[in-house]
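The values are calculated or read from the model by the stated rules, or taken from the named source; none is laboratory data. Just so you know, these numbers come straight off a predicted model, no measurement behind them. Neighbour counts run over all protein chains shown; Cβ positions are idealised from the backbone, glycine included. Just so you know, the surface numbers come from the protein's heavy atoms only, side chains and all, with ligands and any DNA or RNA stripped out. Shrake-Rupley method; radii C 1.70, N 1.55, O 1.52, S 1.80 Å.
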Amino acid sequence: MAASSALVAKIEEALKLIDYPSKEKLWEHVQALGRKHSWKFPSFLFIPRGGLSSPYVQFITDADLIYSKSTKGGIQLKEFETLHKLVKQLCGRDQILSAKVSCRDKDLFDGEVVDFNEVRTCAAKLPDVVNITGSYKLESGWRVPIDFTLQEGEQRMPKEARVSRMVTNAKEGNFAKVVQRLRGIIRDKGAKAEFAKSWNATGGALRFLVKQLELVKIMDAAEKEAYMTLLHLPPEHSHEEWLKAADAEMQRRAVELLLSRKDLLSPKLGSVATTFFGDLEAAAAAFAQRVEEVAPAEERRGCKRLADVLSTGTDVKAKSSDGSWYKASVVKVRKSDSAQPVKVHYEGSGREEDEWVS
C-alpha cells in the first residue's frame, strides 16, 4: 500500500469541502478584462479562447488573455513591455509565476522567472509568441493563474507537435498534461466528452488543487495561512507536503486513465503508439515506486501506523502479493503491531482474494 494513503484520504476530504469558484463567472470576467484592456494593444485583436470556454473542462485550472495580430515581423519589444506592465497592474509585481518566449516553435525562454531581464532579452529577438503568467486575485479571495499572451496569427499547435509533446510529458512523468493534450486532439465529440467526463470525475478537482497549491508557493506567510483554509487543508502538514502528495495522486490517476484508454490513444498516436505506451508503462512503474516516498517524515519514522489512520471502508490503492497495485477498500484493521495491519478487498475480486497488507 502506498505510504501516502492517509495523506491522500485527507486530500479527498478537502476536495469534498472546497467551495469551488464558478468557471462560468470567471469566464465572463476574463472576457470583460480582455476587452477592457484591448486598447493597449492597437495592432492586436483580443481572442476569447482557452480552457474556461471549453464545455469539456469542469474545474478551473487557469485562464487566458490572448491578443493576436495578423501582421508579420514579430512581437515588438515595446509591445512586450506593455504586456509586462499589464500583468503587474492586474496581478502585482511580486505575483509573476513564469514566462515563455517562442519564435517559430522554438522556445527562447520557458520557465519560472528569477530575473525578468532574462525574459526581456529573449523578447527583444522579435518572437512570434510571448506569454507571462501571473497570479490574479478575484473578489471572492480565490486566486487563479492567468496566461497573458501576445501572438502572431492563431498559433494553434498542429497534431504532430501535440503528439511529440505528449511523448515528452510522459517521459517527464507529467501524465496529467498528457491527458490535457490528448483531449485537445480527439475530434469525435462523443469520445471527447466521454474522455473528459472520466478525467473530470477522477482528476479534475485534484488538478484544481495542485494549481492552487502552486500559487501558494509565492504568497507571504499571512496570506498563505489564510489561503490554506480556503483549501480546507489543516496546518498539521506543510504546504510542500500537501503539494507533493496532491500532485503524486493526480499523476497516478492520470496514468490509470491513459492506460485504460489505449483504444482511444493508439489511433491518435499513430506510428509512435508502441513506443509511447512502452514509455508510459515504464514511467508508471517508476512513478508507483516514487509514490511510497510521498509520506511526510513523521509517517516514515512510524509515528503513525496505518492501523491508526485507516478505518474500515476507506478506499485505498493496495499492493497485492503479485507485486501489482490495485484499487481496494479496507475491510479490517489490526490494532496490534503487526507487519501487515490492514486487510483489503480488491475491487472486482472475490472475497477469497482479500489480503492483509502493509
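Suppose a student asked you for the relative contact order of the chain, using Cα pairs under 8 Å spaced at least 6 residues apart; what percent would you report?
Result for the chain is 17 percent.
Can you give me the angle between helix 5-17 and the longest principal axis of the chain, using Cα atoms only, in degrees from 0 to 90, rounded to the nearest 10?
Tilt relative to the chain: about 50 degrees.
Treating each Cα of the stretch 155-292 as an identical point scatterer and ignoring solvent, apply the Debye formula and state log10 I(q)/I(0) at q = 0.20 Å⁻¹.
Taken in order of the listed q values, log10 I(q)/I(0) reads -1.15.
State the Kirkwood hydrodynamic radius of the stretch 118-208 in Å, one decimal place, computed from all pairs of distinct Cα atoms.
16.0
Subtracting the Cα-Cα distance from 0.36 nm times the residue separation, let me have the gained length for GLU347 to ASP315 in nm, one decimal. Mind dumping the intermediate values first?
Working: separation 32, 0.36 × 32 = 11.52 nm, distance 0.98 nm.
Length difference between fully extended and current span is 10.5 nm.
Return the Rg/Rh value of the chain, two decimal places, where both radii are evaluated on C-alpha atoms and Rh is the Kirkwood radius.
1.00
Starting from the Cα-Cα distance between VAL113 and GLU28, subtract it from 0.36 nm times their residue separation and give me the gain in nm to one decimal.
27.7 nm
Output the relative contact order of the stretch 1-129, whole-number percent, from Cα pairs under 8 angstrom with separation of 6+ residues.
The value is 18 percent.
Could you compute the FRET efficiency for SER70 and ASP105, with r as their C-beta to C-beta distance and R0 at 25 Å, rounded to 0.05? Intermediate results must be reported in sequence, preceding the final value.
Details: r = 19 Å, r/R0 = 0.74.
Once the sixth-power term is evaluated, E becomes 0.85.
Between HIS232 and TYR56, what is the FRET efficiency for a Förster distance of 30 Å, r being their Cβ-Cβ separation, to the nearest 0.05? Don't skip to the end; give the middle numbers.
Working: r = 26 Å, r/R0 = 0.88.
Working from the Cβ atoms, E equals 0.70.
For helix 189-199, report the angle its Cα long axis makes with the longest principal axis of the Cα atoms of the chain; keep it between 0 and 90° and round to the nearest 10°.
The angle comes out near 60 degrees.
Find the accessible area per residue for the chain; the probe is 1.4 Å, ligands and nucleic acids are left out, and the unit is Å².
50
Share of the chain's accessible area from carbon and sulfur, percent, 1.4 Å? Mind dumping the intermediate values first?
On the way: 8870 of 17940 Å².
C and S fraction of accessible area: 49 percent.
If you fit an axis through the alpha-carbon atoms of helix 239-260 and take the longest principal axis of the Cα set of the chain, what angle between them do you get, 0 to 90°, nearest 10?
Long axis of 239-260 versus the principal axis of the chain: about 80 degrees.
Roughly how far apart, in whole Å, are the Cα centres of the stretch 34-60 and the stretch 228-256?
29
Multiply the residue gap between ASP354 and ASP19 by 0.36 nm, knock off their C-alpha separation, and tell me the result in nm, one decimal place.
Here the answer is 116.9 nm.
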